[in-house]
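Below is one structure, written out as structure tokens, with a few remarks after it.
The values are calculated or read from the model by the stated rules, or taken from the named source; none is laboratory data. Because the structure is a prediction, the values reported are computed rather than measured. Methodologically, a virtual Cβ is constructed for each residue, glycine included, from the backbone with ideal geometry; neighbour enumeration extends over all protein chains shown.
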Amino acid sequence: MSAVSASPAPKKGNIHSIPKSHGVNPVNHNTVTSPLSPPRVATSRIAGAGGLSAADPHYLLDTLDSFVTNHHANAKSANQANNNNNNSSSSNNQENSSNNESKDASASAPDTEHQTVDPIGFLNRHYTSEQVLVQQLPGLREAVNDRMERLDDRISNALQRQSETANLTRKHVQDSKASVEALINRIHLVQEKASQSERAVLEITRDMKRMDLAKKHLQRTITTLKRLHMLIHAVEQLRLACLQTPFPDYKTAAHLVDATRLLLKHFEAYAHKVEPLHRLSQKVSDLQEHLRLGLIRGFRIAYLGVPETLQVEAAMAKKGGKLLPPIDGTDASNWPPPMPPTVMSGGVLLMDALGHDQRRRFIIQFCQDQLKEYKQLYEPVVKGKKEEKRVSSFKVEQNPEPEPLPLYGLESVEKRFVWFRDRITKINQQFPNVFPNYWNLQYSLCRNFLVMVSYSLNVIPFL
């Protein structure tokens, strides 16, 4: 009779013809063994009745566990091999060879998926007879109970640790939640303080901008007031320079004219809107015109004299020109004295300060005054027909006196140039070191003289 009734009858007391001396070896759990392979000889033996030997119950249970573990490991390795073969068969270059290799590998691999543990065969291999099995059942039961007790202890210990750690974990979770809430509150507080700081910075910067603008306006106002004060002071000094006697201080006035012109440029935008500035600008223009006309009169008196100056101004007054108040020609004691060269030099500086246009007008006027005598002497005059006087037939006819030859004829051309040379010499004597070289006064005189000579010579044939 066999150890298990479900198995066939044993031959000569050995199930599956296993020799009596064949035992069970201790199983190495790190190696993969098949459940159908014969076990190795055990190192420990338990003596049974009738001299039969049986394996250690704990060892048998470990062997059974290893069979199950190896079964799952073989199944996993087989699945990985099949997957690798299927991936290699999908290549395009080695399609045919890969398919053949995968088929061979799948055929040669052990069909471990369908292998299961055979408990009857396992008992027959380890227990040679039913008597040995019956003798070993108490030990197996004790081993199983021992394992169950140890497993229960481990489970209870795990549950106890889990219950202990659950409270601790719950506490840690609660502490973490409280820390997170505190962190969120701190973040909100930081955000609120940041927004408050931002508002404070915006208010500070707004105030700074306002103060910066106020500073700029204040600086501009102070600068404008300083310039206005300088302008008023310069205009007053210019007025005092005009009132000096017997001649205005032209040299000082030249510097003041430059200063007032520069200062008035800063108030050009307000000259037509602000009435005091408009009156101040008009006053500066009047003072400059008074100085210019006074300088022209001083030069005329210097080279023409007071009587001729009065005649020239009277002629200009008829044409509507601007002039100074007329001089009382009846009382010679009130006539202004001739202007000295030092005062004339200051007047030249004044003309430069008044601008290029005023200087050009002054040079033209000076040339016309100097060449006025030439017009009286050498400019041809077209004479009209004179009425013949009636002579009585009873009177004796007298020889008329010959008329003098006019100076505008061709025979007096040389005299014209002699006159001009004498005029240049006289001008150099009357105005020593007065006119600067960049004025080119002699060039202007010579040019105007040649124009007048050319006109005279062109008119002579028509006389």
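Brief remarks on what is shown
- Beta carbons closer than 8 Å, at least 6 apart along the sequence or on distinct chains, pair a first residue in region 126-150 that is within 14 Å of LEU61 (Cβ to Cβ) with a second that is in a loop (DSSP other than H, G, I, E, B) and aromatic (Phe, Trp, Tyr) for GLN136/TYR127.
- Cβ pairs under 9 Å, 6+ apart, first in region 306-324 and over 18 Å from GLN376 (Cα atoms), second of a type in the set (Phe, Trp, Tyr): VAL306/TRP335
Yes/no matrix, rows are residues, columns are (1) within 21 Å of ASP65 (Cβ to Cβ); (2) surrounded by 11 or more Cβ atoms within 10 Å (Cβ to Cβ); (3) of a type outside the set (Lys, Arg); (4) at pLDDT below 80:
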| site | (1), (2), (3), (4) |
| --- | --- |
| GLN115 | yes, yes, yes, yes |
| PHE122 | yes, yes, yes, yes |
| VAL144 | yes, yes, yes, no |
| LEU151 | yes, no, yes, no |
| LYS177 | no, no, no, no |
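- THR169 vs. criteria at pLDDT below 95 and closer than 30 Å to SER285 by Cα: no
- The sole residue among ILE204, ILE187 that is at pLDDT 95 or above, part of a helix (DSSP H, G or I), among the aliphatic types (A, V, I, L, M) and over 25 Å from LYS265 (Cβ atoms) is ILE187.
- Taken as a whole, region 213-228 holds no residue that is surrounded by 10 or more Cβ atoms within 10 Å (Cβ to Cβ), in a helix (DSSP H, G or I), in contact with a Lys or Arg (Cβ under 9 Å, 6 or more places away or on another chain) and not aromatic (Phe, Trp, Tyr).
- Filter result (surrounded by 16 or more Cβ atoms within 10 Å (Cβ to Cβ) and touching a residue at least 60 places away in the same chain (Cβ under 8 Å)) within region 230-248: PHE247
- For region 420-463, filtering for residues that are at pLDDT 90 or above and among the aromatic types (Phe, Trp, Tyr) leaves 6.
- In region 322-355, of all residues being modelled with pLDDT under 80 and under 27 Å from LEU264 (Cα atoms), the one that is surrounded by the fewest Cβ atoms within 10 Å (Cβ to Cβ) corresponds to LYS322.
- Where ALA315 falls short, out of the listed (1) modelled with pLDDT under 85; (2) surrounded by 13 or more Cβ atoms within 10 Å (Cβ to Cβ): (2)
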